[in-house]
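Engineer: Next up is a structure, given as structure tokens.
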Amino acid sequence: MKKTLLSFLLLTATYFSYAQITTNPVTFNTTETVTITVDITSSASNCNGLSNPVKVYMHSGIGTDSDPWGYGAVGNWGQDDGVGEMTNNGNGKWSITITPKSYYSLSDAQANSATKMGMVFRNASGNQELKATGCSDFKIGVGSFQVALNAPSENSTSILASGSSLNISASNTSGNANYSLSANGSTIDSKSGISSYTFTHSNITTNQDYILTVTQGQNTRTKSFSALLNPGTASQAMPSGLENGINYNPSDATKATLVLDAPLKDFVYVAGSFNDWSPSSAYAMKKDPSSGKFWLELTGLTSQKIETYQYWVVDETPITDSPVMVKTADPFSTLVLSPFDDPYISANTYPNLPAYPSGQEREVTVLQTGKTPYSWQVTNFNKPKKEDLVIYEVLIRDFDSDRNVQDLIDRIDYFKNLNINAIQLMPIMEFEGNESWGYNTSFHMALDKFYGTEDKFKEFIDLCHQNGIAVILDIALNHAYGRNPMVRMWMKDGDGDGWGAPSSESPYFNEEAKHTYNVGMDFNHQQPRTQYYVERVVNHWVSEFNIDGFRWDLTKGFTQQCTSNDEACTNGYRTDRVAILKQYADYSWSLDATHYVIFEHLGGDLEEQSWANYREAEDKGIMLWGKMTNPYNQLTMGFAPNSDISRMGYKDRGFKSPRLVGYAESHDEERLMYKNLQYGASNGAYDVKDLMTSLSRMEAMGAVSLTIPGPKMIWHFGALGMDNSIFTCNDGTVSADDSCKLDTKPQPQWTDNWLGDTNRKSIYDTWSRINALKINEAVFEGDYEITSGDLNPRIRVFDTNLPSSQLNDVIIISNFDTTAITVDPNFTTNGTWHDLMDASGNTTVQATNAVTLQPGTFKIYGNMPANTLSVNDNVWKNNFTVYPNPTQNSFKINKAASQVSLYSVTGQLVKQFTGDFSKTQNYDVSDVPANIYFVRITNASGQNHTVKLVKQ
């Protein structure tokens with residue numbers, strides 16, 4: 001049962017009774033008041049039970065026989081909010097009185113057609129629950145006319161040998177009724193005027209879908225079930241070179257071969273649009289005697305025609321609580337259709353979304369041969385150096401109003417002008433539901449359709465690459481959720497609702513999590529099949545989508561050495577975790593030597609060092625998330641205690657190279673600005689809780705975070721001073737607990753035009769300048785010193801290997817107090833120091849000068865002017881000419897030059913040529929993406945001129 005979907009059932013009549021449940025009256029309609037009573041002292045349940053609860057809550061739903069909660073569900077699991085609260089009658093009995101139509105807010109049509117209710121019961125906190133025997137939901141009939149399918153079970157699949165018979169029996173309440181039984185759409189038996197029905201279907205030689213229709217006056221009830229023949233799985237060697245999932249035939253678009261690895265299963269059918277979802281023995285998969293994998297070649301397909309299919313996976317002798325048959329999409333699907341989510345996906349976001357096949361259940365896989373491949377504009381993207389990365393983390397759902405990839409494309413200038421060089425997307429793989437952060441992944445190789453089409457996503461990646469921006473995906477491979485096929489094929493499903501947790505037979509998942517931070521179902525990464533799956537997922541996104549890197553979610557979950565309640569073990573050094581994650585990193589680098597590997601570990605330094613320093617000499621090394629929210633928030637709020645920011649630097653963690661993705665904000669942390677406005681310091685005249693004051697302090701926060709050598713990260717709209725709490729609810733309120741953390745957030749950054757707000761735009765422009773310095777100036781790849789722990793942190797960034805004629809020493813000073821201070825910057829050399837926030841280089845101080853800093857301000861000084869292009873540079877001078885212009889591969893200049901620098905339109909240095917060049921020199925730009933650039937030419941006398949270049 002899936003609590004997240006409120007799949008909780010109940011109802012009662014004498015015809016469908018549980019010893020624990022009674023109703024008064026015994027039978028009732030939806031418009032009648034009914035009192036439901038549960039006896040929690042009964043021993044009929046083996047699912048936890050309620051032990052002396054102070055309160056008891058009923059979670060319930062109402063619907064039809066096939067979906068007893070489909071018309072509505074009432075209850076908020078774990079919330080002591082009065083919704084579904086019952087009355088204590090004493091002696092272990094609790095009751096609640098409702099009128100179903102109003103209680104579940106039913107329409108007239110729903111009220112008239114409702115036939116079942118479903119329920120479970122729990123204590124106030126939800127850590128105890130009561131269900132029926134076998135861990136199923138209580139299911140009780142609504143209305144006086146009820147039908148019971150006695151044999152076989154409703155919605156069951158009977159596995160038969162060819163030529164066998166199936167005995168069918170049913171009965172009804174309230175007198176005689178008419179019975180009609182159909183198989184595969186044709187009526188095979190009818191009986192009238194009876195209250196008890198029996199029939200034997202003999203000599204069954206094909207798979208059967210049955211519907212038993214029972215009519216009494218104006219009332220009709222239907223019961224569905226099926227019979228599946230054991231086809232006698234053929235043992236046949238699988239063609240070489242095939243992988244799990246769909247294998248398209250590169251030379252024949254009428255064929256595709258499906259491969260399913262399903263150990264411990266007896267046989268598998270492929271049901272799909274190509275056989276009208278009624279597979280014959282011709283669609284029984286063969287079994288490879290060597291690998292044990294099931295496989296089947298499909299023929300007669302039409303090129304580019306969309307087909308859909310599922311595997312019907314059968315275990316004739318399942319272990320306790322596991323199903324005989326599971327209908328599931330392909331675990332390696334790259335596109336799935338969902339009856340749960342697809343109806344709510346906008347045609348704007350996903351034009352011409354294929355229709356979900358009528359009459360099926362759960363996800364189906366899309367197969368399409370001969371599909372036209374995307375035409376990439378950038379095929380040789382040169383990734384930014386790890387040391388230079390400024391990563392912008394984005395949740396697509398909350399970025400803009402359409403909540404799709406097109407929004408990112410439409411606002412590419414927002415990213416470019418901020419001078420970030422990487423975008424990290426929170427999980428975009430097919431997840432459960434649409435309104436999600438994406439960590440509840442079900443299909444790791446499929447793009448979630450709520451965000452757009454595959455081609456649209458590729459267009460976004462291509463556009464980013466054209467603008468020098470890498471794309472990184474956040475990926476959750478430590479866990480999966482209940483819709484995942486690898487969960488469902490080996491699950492415990494005691495209540496028979498088609499959902500469950502992994503069984504002891506699972507070749508992918510642990511029955512109990514092996515760490516203390518688990519959500520969903522815990523992958524066992526010591527299993528070879530899990531390792532194969534992970535590597536296939538990595539390969540898919542790198543090879544098919546040109547993804548530049550992954551941020552691996554919750555890497556603490558990649559161990560098998562702990563238990564779910566041993567925090568010390570989980571946070572300790574785990575040898576198996578270190579080894580497997582190095583293996584996955586190696587695999588990523590085997591596909592792309594410059595692939596970014598980032599772990600969200602947030603653990604002890606020793607384990608993180610083993611990754612950061614791994615293959616570091618080869619310019620690899622794994623990057624680690626470095627959470628620094630609390631000390632930076634102390635600064636922005638104006639409080640000195642616990643404000644030491646030294647661990648924003650990689651050296652304090654024992655890393656040999658800049659491999660720390662340091663950040664003050666991420667999707668998991670409270671917004672700095674929210675806490676500034678709630679708790680900021682004040683001296684009366686200067687109040688951090690004032691919005692304008694607090695916004696101005698965020699500029700200084702960027703100065704003392706982004707400048708520290710190594711990759712850094714910005715959480716979306718931090719650069720505009722986003723001040724909505726992370727716990728903002730859908731209705732705009734802020735929850736007192738973390739219950740609204742995952743809710744969709746408002747978007748004032750666009751609706752209120754924050755880019756047109758002087759105070760917010762000032763943060764954006766300041767961070768943009770700092771990012772340009774960090775990315776383009778070599779000194780920021782050098783060494784550093786941090787002096788912090790009070791409200792005036794000082795940072796020195798330097799590189800003694802750079803020539804004295806070049807910027808090689810930078811001093812950052814700041815004041816996070818609420819009063820002005822005079823600071824001695826402790827300049828390291830005498831002479832003139834340049835204010836690097838002035839792109840012209842004209843603002844200077846002398847090394848002997850003290851500097852006065854107003855509260856919430858900063859200064860960045862360099863021993864030389866920056867080489868970063870200013871928007872005020874002399875763009876249109878005619879003394880120098882670049883030709884040919886436009887160009888495809890190279891250009892020349894009509895004069896001699898000592899340095900030629902190619903900049904993007906946002907001021908980022910893209911490529912540089914240094915030497916004693918004559919006017920016949922050829923400058924190769926064949927490796928530069930097509931775009932508009934500025935070429936700055938410096939002659940031997942140091943004169944600079946800039947001209948525009950169009951690269952085709």
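The values are calculated or read from the model by the stated rules, or taken from the named source; none is laboratory data. From a predicted model like this one, the values you see are computed outputs, not experimental measurements. Cβ atoms come from the backbone with ideal geometry, glycine included; neighbour counts cover every protein chain shown.
Engineer: Kindly indicate which of Gln908, Gln952, Gln888 is at pLDDT 85 or above and among the polar types (S, T, N, Q). Break it down stepwise before answering.
Structural biologist: Numbers: Gln908 fails: at pLDDT 85 or above; Gln952 fails: at pLDDT 85 or above.
Going through Gln908, Gln952, Gln888 in turn, the sole match is Gln888.
Engineer: In the stretch 238-257, how many are farther than 23 Å from Ser290 by Cα and in contact (Cβ under 8 Å) with a residue 40 or more places away in the chain? So that I can check it myself, show each step before the final result.
Structural biologist: Of the residues in the stretch 238-257, the ones farther than 23 Å from Ser290 by Cα are 250-255.
If we keep only those that are in contact (Cβ under 8 Å) with a residue 40 or more places away in the chain as well, we get 253-255.
The number of residues fulfilling the criteria is 3.
Engineer: Is it fair to say Asn352 is more than 30 Å from Ala501 (Cβ to Cβ) and without any contact (Cβ under 8 Å) to a residue 12 or more places away in the chain?
Structural biologist: Considered against the rule, which asks whether it is more than 30 Å from Ala501 (Cβ to Cβ) and without any contact (Cβ under 8 Å) to a residue 12 or more places away in the chain, Asn352 comes out as yes.
Engineer: Now for a separate question. Take the residues of the stretch 435-457 that are polar (S, T, N, Q) and either in contact with a His (Cβ under 6 Å, 6 or more places away or on another chain) or under 15 Å from Asp342 (Cα atoms) (or both): which is surrounded by the most Cβ atoms within 10 Å (Cβ to Cβ)?
Structural biologist: Step one: list which residues in the stretch 435-457 are polar (S, T, N, Q), which gives 436, 440-442, 453.
Narrowing further to those that are either in contact with a His (Cβ under 6 Å, 6 or more places away or on another chain) or under 15 Å from Asp342 (Cα atoms) (or both): 436, 442, 453.
Numbers: Ser436: 19, Ser442: 28, Thr453: 19.
So, considering only residues that are polar (S, T, N, Q) and either in contact with a His (Cβ under 6 Å, 6 or more places away or on another chain) or under 15 Å from Asp342 (Cα atoms) (or both), the one surrounded by the most Cβ atoms within 10 Å (Cβ to Cβ) is Ser442.
Engineer: Starting from residues that are in contact with a Ser or Thr (Cβ under 7 Å, 6 or more places away or on another chain), charged (D, E, K, R) and not in a loop (DSSP other than H, G, I, E, B), keep the ones in the stretch 294-334 and report whichever is farthest from Gly482 (Cα to Cα).
Structural biologist: Once the filter is applied, the top-ranked residue is Glu297.
Engineer: For the stretch 147-182, enumerate the residues that are farther than 29 Å from Pro318 by Cα and among the β-branched types (Val, Ile, Thr).
Structural biologist: Thr173
Engineer: Go over the candidates Ala271, Ala253, Ala262 one by one and state the one that is surrounded by 21 or more Cβ atoms within 10 Å (Cβ to Cβ), in a loop (DSSP other than H, G, I, E, B) and hydrophobic (A, V, I, L, M, F, W, C).
Structural biologist: Values: Ala271 fails: in a loop (DSSP other than H, G, I, E, B); Ala253 fails: surrounded by 21 or more Cβ atoms within 10 Å (Cβ to Cβ).
One residue alone meets the criteria, Ala262.
Engineer: Shifting gears a bit: Residue check, Ser333 against (1) modelled with pLDDT of 95 or more; (2) touching a Lys or Arg at 6+ places or on another chain (Cβ under 9 Å), all met but one. Which one?
Structural biologist: (2) is the only condition that Ser333 fails.
Engineer: Let me ask another. Quick one: is Glu387 in a loop (DSSP other than H, G, I, E, B) and on the phi < 0 side of the Ramachandran plot?
Structural biologist: Considered against the rule, which asks whether it is in a loop (DSSP other than H, G, I, E, B) and on the phi < 0 side of the Ramachandran plot, Glu387 comes out as no.
Engineer: Looking at the stretch 825-835, is at least one residue in contact (Cβ under 8 Å) with a residue 60 or more places away in the chain and assigned to a loop (DSSP other than H, G, I, E, B)? So that I can check it myself, show each step before the final result.
Structural biologist: Step one: list which residues in the stretch 825-835 are in contact (Cβ under 8 Å) with a residue 60 or more places away in the chain, which gives none.
No, there is no match, as no residue in the stretch 825-835 is in contact (Cβ under 8 Å) with a residue 60 or more places away in the chain and assigned to a loop (DSSP other than H, G, I, E, B).
Engineer: Looking at the stretch 718-729, is at least one residue touching a Cys at 6+ places or on another chain (Cβ under 8 Å) and without any contact (Cβ under 8 Å) to a residue 24 or more places away in the chain?
Structural biologist: Here is the first cut: in the stretch 718-729, the residues touching a Cys at 6+ places or on another chain (Cβ under 8 Å) are 727-729.
From what's left, without any contact (Cβ under 8 Å) to a residue 24 or more places away in the chain: 728-729.
Among the residues of the stretch 718-729, at least one is touching a Cys at 6+ places or on another chain (Cβ under 8 Å) and without any contact (Cβ under 8 Å) to a residue 24 or more places away in the chain, which makes the answer yes.
Engineer: Would you mind finding the one in Arg653, Arg647, Arg659 that is surrounded by fewer than 21 Cβ atoms within 10 Å (Cβ to Cβ), out of contact with any His (no Cβ under 6 Å at 6 or more places or on another chain), closer than 18 Å to Ile708 by Cβ and in contact (Cβ under 8 Å) with a residue 24 or more places away in the chain?
Structural biologist: Arg653
Engineer: Moving on to the next point. What strands (runs of 3 or more DSSP E), lying completely within the stretch 54-130, carry at least 2 residues that are over 23 Å from Gly141 (Cβ atoms) and either more than 34 Å from the chain's Cα centre (by Cα) or in contact (Cβ under 8 Å) with a residue 60 or more places away in the chain (or both)? If you could, list the steps in order and put the result at the bottom.
Structural biologist: Working: elements: 57-63, 72-74, 87-90, 93-98, 116-122.
In the stretch 54-130, the matching strands (runs of 3 or more DSSP E) lie at 87-90.
Engineer: Are any of the residues in the stretch 325-335 surrounded by 22 or more Cβ atoms within 10 Å (Cβ to Cβ) and more than 32 Å from the chain's Cα centre (by Cα)?
Structural biologist: Among the residues of the stretch 325-335, not one is surrounded by 22 or more Cβ atoms within 10 Å (Cβ to Cβ) and more than 32 Å from the chain's Cα centre (by Cα), which makes the answer no.
Engineer: Against the definition (assigned to a helix (DSSP H, G or I), touching a Cys at 6+ places or on another chain (Cβ under 6 Å) and modelled with pLDDT of 95 or more), how does Cys562 come out, yes or no?
Structural biologist: Numbers: assigned to a helix (DSSP H, G or I): no; touching a Cys at 6+ places or on another chain (Cβ under 6 Å): yes; modelled with pLDDT of 95 or more: yes.
So Cys562 does not fit the description; no.
Engineer: Taking the stretch 654-671 only, how many residues are more than 19 Å from Leu554 (Cα to Cα) and either in contact with a Cys (Cβ under 6 Å, 6 or more places away or on another chain) or of a type outside the set (S, T, N, Q) (or both)?
Structural biologist: Filtering the stretch 654-671 down to residues more than 19 Å from Leu554 (Cα to Cα) leaves 654-658, 671.
Remaining after also requiring either in contact with a Cys (Cβ under 6 Å, 6 or more places away or on another chain) or of a type outside the set (S, T, N, Q) (or both): 654-656, 658, 671.
Residues flagged as more than 19 Å from Leu554 (Cα to Cα) and either in contact with a Cys (Cβ under 6 Å, 6 or more places away or on another chain) or of a type outside the set (S, T, N, Q) (or both) within the stretch 654-671 amount to 5.
Engineer: Follow-up. Which of the residues spanning the stretch 591-634 are charged (D, E, K, R) and either within 24 Å of the chain's Cα centre (by Cα) or surrounded by fewer than 18 Cβ atoms within 10 Å (Cβ to Cβ) (or both)? Talk me through it step by step, then tell me what you get.
Structural biologist: Narrowing the stretch 591-634 to residues charged (D, E, K, R): 592, 600, 605, 607-608, 615-616, 618-620, 627.
Asp592, Glu600, Asp605, Glu608, Arg615, Glu616, Glu618, Asp619, Lys627, listed by residue number.
Engineer: Looking for something more than 18 Å from the chain's Cα centre (by Cα), small (Gly, Ala, Ser), under 19 Å from Gln531 (Cα atoms) and buried (at least 16 other Cβ atoms within 10 Å of the Cβ) - is there at least one such residue anywhere in the stretch 556-576? Spell out how you get there, then give the answer.
Structural biologist: Narrowing the stretch 556-576 to residues more than 18 Å from the chain's Cα centre (by Cα): 559-576.
From what is left, the residues that are small (Gly, Ala, Ser) are 564, 568, 572.
Filter once more, keeping what is under 19 Å from Gln531 (Cα atoms): none.
No, the stretch 556-576 contains no residue that is more than 18 Å from the chain's Cα centre (by Cα), small (Gly, Ala, Ser), under 19 Å from Gln531 (Cα atoms) and buried (at least 16 other Cβ atoms within 10 Å of the Cβ).
Engineer: Do we find a residue being farther than 27 Å from Phe798 by Cα and surrounded by 24 or more Cβ atoms within 10 Å (Cβ to Cβ) anywhere in the stretch 676-687?
Structural biologist: Pass one, the stretch 676-687, residues farther than 27 Å from Phe798 by Cα: 676-687.
Remaining after also requiring surrounded by 24 or more Cβ atoms within 10 Å (Cβ to Cβ): 676.
Scanning the stretch 676-687 turns up at least one residue that is farther than 27 Å from Phe798 by Cα and surrounded by 24 or more Cβ atoms within 10 Å (Cβ to Cβ).
Engineer: Do any residues in the stretch 358-384 that are within 15 Å of Trp277 (Cβ to Cβ) have Cβ atoms under 8 Å from those of residues that are among the basic types (Lys, Arg) and assigned to a loop (DSSP other than H, G, I, E, B), where the two are at least six apart or on different chains, and which pairs are they?
Structural biologist: Pairs that qualify, where the first residue is within 15 Å of Trp277 (Cβ to Cβ) and the partner is among the basic types (Lys, Arg) and assigned to a loop (DSSP other than H, G, I, E, B), are Arg362/Arg483; Glu363/Arg483.
Engineer: How many residues does the stretch 747-760 contain that are surrounded by 14 or more Cβ atoms within 10 Å (Cβ to Cβ), in a loop (DSSP other than H, G, I, E, B) and not charged (D, E, K, R)?
Structural biologist: 1
Engineer: I'm told Gln583 meets every condition in (1) farther than 11 Å from His515 by Cα; (2) in contact with a strand residue (DSSP E or B) (Cβ under 9 Å, 6 or more places away or on another chain) except one. Can you identify the failing condition by its number?
Structural biologist: Every condition holds for Gln583 apart from (2).
Engineer: For the stretch 4-20, check the following and say yes or no: at least one residue is part of a strand (DSSP E or B) and at pLDDT 90 or above.
Structural biologist: no
Engineer: Same structure again: Between Gly520, Gly549, Gly500, Gly468, which is closer than 22 Å to His667 by Cα, crowded, with 22+ Cβ neighbours inside 10 Å and modelled with pLDDT under 95?
Structural biologist: Working: Gly549 fails: modelled with pLDDT under 95; Gly500 fails: closer than 22 Å to His667 by Cα; Gly468 fails: closer than 22 Å to His667 by Cα.
On inspection, the qualifying residue turns out to be Gly520.
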